[in-house]
Every structure is written in structure tokens, then in C-alpha cells.
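A short write-up of the structure that comes next.
Each reported figure results from applying straightforward, stated rules to the coordinates on display, with no laboratory input. For clarity, every value in this text was computed on a predicted model and none was experimentally measured. Neighbour counts are summed over all protein chains in view; Cβ atoms, including those assigned to glycine, are modelled from backbone coordinates with ideal geometry.
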Amino acid sequence: MDNNENSVIKLLGKHGSAEAYAIRDFLNRCGVNFEWVELDRDEQARDQAQVTGLDDSRLPVCVFPDGTRLEHPTVRQVIEKLGWFQNPSRSEYDLSIYGAGPAGLSAAVYGASEGLRTVVVERFAVGGQAGSSPKIENYLGFPQGVSGAELAERAREQACRFGAEILFLREAVRGEFEPGRGTGYLADGTKIVARASLCATGVDYRRLNLPNEERFHGAGIYYGAGASEASLCGPDEHVFVVGGGNSGAQAALHFSRYVSKVTMVVRDESLKKSVSQYLIDRVLSSPRIELLTLTGVTALHGDNVLRAITLRNKRTGKEWMEETSWLFLCLGGDPQTRWAVEVGIMRDEAGYLVTGPDLLKNGQRPDNWKLDRDPYYLETNIPGVFAAGDVRHGSVKRCASAVGEGAMAVTFIHRYVMNG
């Protein structure tokens, strides 16, 4: 969208609205200009949103630049209004990509630019977990850093310019694969037929698995670095970030610009196992960031929104309660590969897809491998089905690595499409 003021979408709702959060998160990840108007009084809701009060079921309200008003809209209704929801334009493609994170977007750019008829199926918004990162500072070519949302939006635009199609809010539920032809069945009944397929679905955010966790999702509990929420936190608020990886450290540093105190809750003894040194140095030198090691969250408290959490020190056993309405979980994730079991794609013990040389045991190809060649480097044990990025066994969990794997996968996919 244009950057002038008249092109800004206005979203009006109340604090703790999971529905409003889903829309904010989507718009932020996709680089769409919007203004969030938080309603905290019935009078304000009547005057600005034209509803009866804060408890009106028509909230949130979304007002578009052309004057269109949507009451209590779903994300799908929003993207339909933006013109982004579309059906496949072809009955068959050369390459179908599942997942529009860094690996999937990279594959879409390189696949489409090399003339492959390419379609990308994405269950939410572009960018994957990287899309929620407020700033990626160690990505090549961006010395000042770049937000995950901006990087993903640039990649989306680039892929579309080369002719790739991106289907938002679509999720594959099963697949059927035969030589030279794979069919992906989406949850809404749509079929995607392609000569080769790439799984770049990444990982699902890991949960705490505590009572009330799902109830507070979007109403105090957020998964990922929460780039869309930082500016909404008040200057006197206390934010908690759970997780000791790079994403957790980046989130803590980002939130420290907006609030008086950020507490990082880390289960290990230090950050050294999983955080880059430049981030460790910044976290430890920030007067607004508190680091709690050997600590975990054991309980969640609240009514319609999160109000407090219980923490426990693993070494001493001490438990205590902290008031907060902002809990961000940066716990890594689990691979989205349940569908692979049904079609016989090999996974490791953690559920990641096994590819290339890792499929060979004592130099022997997998039992169900029928071709007179070894699997290509990023190919699964099903010919023509490839994997790239975080979902793949042995992958390096870094944005640049995922981008590289997406590009590399296209080299082998092109070879498969041409030669089998």
C-alpha cells in the first residue's frame, strides 16, 4: 500500500482482544500501513467506533481508506478486501511450495525467475517466525539491520514480480505423490498439482502447555518476538520474554525501547549456549533488562486477559508471582510434519524431514526409492518432494541459511523437472 496518510487502514478495538491482535499481527507481517486505536471507555467506543460500548460484539472495527467498514472481521475478510485472497490460476504447476518463510520465499524467487510455474501456499502471513523479528542485524547486506516483516515483504514482492503466485490463509492437510506429479489437498478443498514440491513449513511455536494458555493467546500471551505489539506497551509496564535464543534476546532489546522493565526468563544458566555474542553484550549492558536464569513460568493468572504469572527458580525451588499483561514466548518450535507420516516421508526422531545424503544408510538408498540415482541433496525419500529451512533435519536455524537452502533447492528441483 501507499505510505501517505490517506492510505492507512484504521483498526479500532480494546486491549486484550485476540481478534484484533490477529489482524494487527497479519498487517504488520505483510507491511501494510495501519493505525491501531485502542478503546478504553464506552464513550470512546461510541464516538470513534460507532458501537454501543466496549462489550459490543461488533468490535474490533476495521475501516479501510475507501471508507469500507468491517465489523468484527476475520483475517480472511481483511485480506479479501485488500485483494490478496486468490485461487490458483493454473490446473498444474512446475513447483508448489508449502510455507512462505525465508526458505519458501527464496525458492519462489529463484523458481519463478528460472521460468518454473510456481505457487506458494501459506497458512497465515509471509515471513514465518523470522517475520515477527523486530530486527535482524546479522543478515548479509543490511548493516543497519532489517525487520523480519520488511525482509519478508520485499521477498514477496520480488517473487510476485517474477510471476510466482502466493495463496494466503491456505493450509495443506494431505498429499499424494507419484513420479512427476504431486497433489496437495488444502483444508478448504482446493487441489494443487505440481511436478515437484518443496516443504518449507518451518516449525510451530512451542507452547508452555499450562492451563489457560490458549485462553490468553492474543490477550496477554504472544508467540514470537511480538514486533507488532511493542509500540502498544505503556512506558511504565513490565514485559516478560521467555526463551534464551536470539529471538528472545532481540525481543527483549526491542521492548526495552518502549517500557520501563523487560525480564528475560531463561531455563539455562546463561545465554551463551544459543545467543550471538553481540546480543549477549547488549542484553547484559541494558539497564532496563533483567535476566533470570534457571527459571521457568509455572502458572498463568487473569480474567479475560493475562494479569500475572508465577515463576519458579529451578535451583532453589523458590516460586513467586509477578504482575504483567505482556508475556512473549520465544521458545523455538516443533516441525510441522505430521502430514509426512501418511505419505511415507522419512522423519528423524524429532519430526524433521530427512533429505539427501542423510537418507543413505551404509551407502544404501531407502527401501522405497525406485530411481536409478541417489536422492538429490535436499530431496526426501519421495522423488520430487524436497525440503528446505527449519523443517529439514540438520538445518542451521538461521534466516540466511534458510534463504540459501531455498535457492539451493530450486537448483535440484529444476534438475528433477528436466531429467527426473
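Could you work out the relative contact order of the chain, using alpha carbon pairs under 8 angstrom and six or more residues apart, expressed as a whole percent? Mind dumping the intermediate values first?
Details: 939 pairs, mean separation 64.1, N = 420.
Dividing the mean separation by the residue count of the chain yields 15 percent.
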Checklist entry - Does segment 5-82 come out rounded, prolate or oblate by the C-alpha gyration tensor, with a ≥ b ≥ c the root eigenvalues, rounded set by a/c under 1.5 and, if not, prolate when a/b is larger than b/c and oblate if not? => result prolate
Next on the checklist: Only four residue types carry charge here, +1 at the Cβ of Lys and Arg and -1 at the Cβ of Asp and Glu. Report the dipole size of the chain about the Cα centre in Debye, rounded to the nearest 20.
Outcome noted: 960 debye
Checklist entry - Projected onto the charge dipole of the chain (+1 at Lys/Arg Cβ, -1 at Asp/Glu Cβ, origin at the Cα centre), which of G148, W326, V8 gives the Cα projection farthest towards the positive end? => result G148
Checklist entry - Which angle from 0 to 90°, rounded to the nearest 10, does the C-alpha axis of helix 399-419 make with the longest principal axis of the chain? => result 30 degrees
Checklist entry - Using 1/(1 + (r/R0)^6) with R0 = 60 angstrom and r between the beta carbons of E342 and S286, what's the FRET efficiency to the nearest 0.05? => result 0.80
Checklist outcome for this item: Residues W320, W339 in order from fewest to most other beta-carbon atoms within 10 Å are W320, W339
Item to check | Calculated FRET efficiency for the pair Y377/E323, C-beta based, R₀ 56 Å, to 0.05 | outcome: 0.65
Checklist entry - Residue by residue, what Karplus-based ³J(HN,Hα) values in Hz, rounded to whole numbers, does segment 10-19 have, using 6.51, -1.76 and 1.60 with θ = phi - 60° and x for Gly and Pro? => result 10, 10, 10, x, 10, 4, x, 7, 5, 5
Checklist entry - To the nearest 20 debye, what charge dipole does segment 221-329 have about its Cα centre, counting +1 at the Cβ of each Lys and Arg and -1 at the Cβ of each Asp and Glu? => result 380 debye
Next on the checklist: If packing is taken as the average count of other Cβ atoms within 10 Å, what order do 139-149, 124-134 fall into, highest mean first?
Outcome noted: 124-134, 139-149
Checklist outcome for this item: Of all lysine pairs in the chain that are eight or more residues apart or on different chains, those with Cα atoms under 27 Å apart total 22
Item to check | Length released on extending from F142 to R307, taking residue separation times 0.36 nm less the Cα-Cα span | outcome: 55.6 nm
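Using DSSP, restrict attention to beta bridges with both residues in the chain and report what percent are antiparallel, rounded to the nearest 5.
Around 50 percent antiparallel, to the nearest 5.
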Next on the checklist: Apply the a/c threshold of 1.5 to the C-alpha gyration tensor of the chain and tell me whether it is rounded, prolate or oblate.
Outcome noted: oblate
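Test of understanding: what is the full-extension gain from E71 to S91, defined as 0.36 nm times their sequence separation minus their Cα-Cα distance? Working shown, then result.
Working: separation 20, 0.36 × 20 = 7.20 nm, distance 3.52 nm.
My answer for the length gained is 3.7 nm.
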Checklist entry - What FRET efficiency would be calculated for the residue pair K261, E43, taking the C-beta separation as r and a Förster radius of 45 Å, to the nearest 0.05? => result 0.90
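Roughly what % antiparallel, to the nearest 5, for the DSSP beta bridges in segment 221-329?
Of those bridges, close to 45 percent are antiparallel.
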Checklist outcome for this item: The farthest towards the positive end of the charge dipole of segment 163-259, of the residues H254, G163, V241, given +1 on Cβ of Lys and Arg and -1 on Cβ of Asp and Glu, is G163
Checklist entry - For segment 221-329, what class follows from the C-alpha gyration tensor (a ≥ b ≥ c being the square roots of its eigenvalues): rounded when a/c is under 1.5, otherwise prolate if a/b is larger than b/c, else oblate? => result oblate
